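Undergrad: Encoded as structure tokens, here's the structure I'll be asking about.
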Amino acid sequence: MAGTRKFSHFRAHPRHKKRIELSFPTDNRRVQAVTVDIGLGGVFIATDVLLPRGTAVEISFSLPQRAVPLVFSGVVRWLNDGTPQPDDADDRPTVRGMGIAFQDVAPDALIVLSEFLANEN
């Protein structure tokens, strides 16, 4: 399913509801998390570890039938503490997590992700 209605007008690429295990580093450990939705421009991940908005982050994840994990750099754009809000209950995930906008992604990684999203609907 493509992106949310409220934020879709800000996005150049649709979001897809996909559950992909991933990890990202913090100051003292590597955090395991899972995607809620993902697109070529970014991802919302479910996690109890929330980084501050504006924080640069590098996530890595594996896709089926691909031996080498993909690594995407991005910036935390928004946070969700998991509390539904009356004005956007239908638009935002109600799980605790953060939205990350991808930045400076290698073209080959975008191709791999694009093909995965196109074939996994």
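Read the figures in this text as sums done on the coordinates, not as results from a lab. Because the structure is a prediction, the values reported are computed rather than measured. Cβ sites come from the backbone with ideal geometry, for glycine too, and all protein chains shown count toward neighbours.
Undergrad: Fewest to most neighbouring Cβ within 10 Å: what's the order for L113, L22?
TA: L22, L113
Undergrad: How do T94, T26 line up, fewest other C-beta atoms within 10 Å first?
TA: Going from sparsest to densest Cβ surroundings: T26, T94.
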